[in-house]
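Peer 1: Have a look at the structure that comes next, please.
Readers should treat all values here as calculations from the given coordinates under stated rules, not as data from a laboratory. For clarity, every value in this text was computed on a predicted model and none was experimentally measured. Cβ: placed from backbone, ideal geometry, glycine included. Neighbour counts: every protein chain shown.
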Amino acid sequence: MGNTLMPQPPIIAVDTNVLIDFADKDETVVDCFSTLKKKLPKALIVVVPTVIAELVHLSKSAEHETAALSLAALRSLRSPWGFNPLNLIPVGHGIVEETARKIRAARLLPQEELHDSMIVAEAGLTNVTILLTSDGHLSEINHDELETILHGDSDINCPIIVTPWKVVHDYFNSVHS
């Protein structure tokens, strides 16, 4: 018998704001993860290094409610949520920084959105299929231009960037099981 390659399960990365909303039991975000678990049961949900760093920073310096939710998210990542925090090897950090700079230089994200550009670069570098975010400037990024930058010199994967609302209401909505 021939060797048949099985498709890899999708990898889903989660932005900081989605994790904070999940810790706050936001209905749309809870429904989003429920939908993803039902429709993509083998998907791996990951948290990239910049998101972890943002949660740590917010847990120490944000106003009380955001700090508490950030800490709750950090404590819940592995258990009970079952998400996988990622780390990048040192050479990966240089690629992330350069790719993030290119994203901002192309004006796909504003210059001040350093962390968001790094999250997109980290997601691409780790072969993420879907990046969940509630940030409008991220979810509205021009996918074709982003793909050109990511596939350009470095051949980095270009994730689909969507909001939890879109997952719940637009994707999978017509599929009933």
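Peer 1: Quick one: divide the alpha-carbon radius of gyration of segment 127-171 by 2.2 N^0.38 Å and tell me what you get.
Peer 2: In units of the globular-protein estimate, segment 127-171 measures up at 1.20.
Peer 1: With 5 Å bins from zero, work out the P(r) of segment 11-168 over every alpha carbon pair and list the percent per bin.
Peer 2: Binned Cα distances yield the sequence 2, 10, 19, 23, 21, 15, 9, 2, 0.
Peer 1: For a footprinting-style exposure proxy, rank 76, 34, 70, 59 by other Cβ within 10 Å, fewest first.
Peer 2: So the ranking, lowest neighbour count to highest, is 34, 76, 59, 70.
Peer 1: If you don't mind, another one. Remind me, relative contact order of the chain in percent, using alpha carbon pairs under 8 angstrom and six or more residues apart?
Peer 2: Relative contact order comes out at 27 percent.
Peer 1: Please give the length that would be gained between residue 31 and residue 155 if that part of the chain were fully extended, namely 0.36 nm times their separation in residues minus their C-alpha to C-alpha distance (nm, one decimal).
Peer 2: 41.3 nm
Peer 1: ³J(HN,Hα) across segment 50-67 via Karplus (A = 6.51, B = -1.76, C = 1.60, θ = phi - 60°), whole Hz, x for Gly/Pro?
Peer 2: 5, 5, 4, 4, 5, 4, 4, 4, 5, 5, 9, 10, 7, 4, 3, 5, 5, 4
Peer 1: If you don't mind, another one. Quick one: length gained pulling residue 137 to residue 53 fully straight, 0.36 nm per residue minus the C-alpha distance?
Peer 2: Between residue 137 and residue 53, full extension yields an extra 28.2 nm.
Peer 1: A follow-up question, please. Just in segment 56-137: which GluC sites (Glu not before Pro) are loop by DSSP and have at most 14 other Cβ atoms within 10 Å?
Peer 2: The qualifying sites are 63, 112.
Peer 1: Please sort by residue number the trypsin sites (Lys or Arg not before Pro) in segment 45-147 whose DSSP state is loop and whose Cβ has at most 16 other Cβ atoms within 10 Å.
Peer 2: 78, 107
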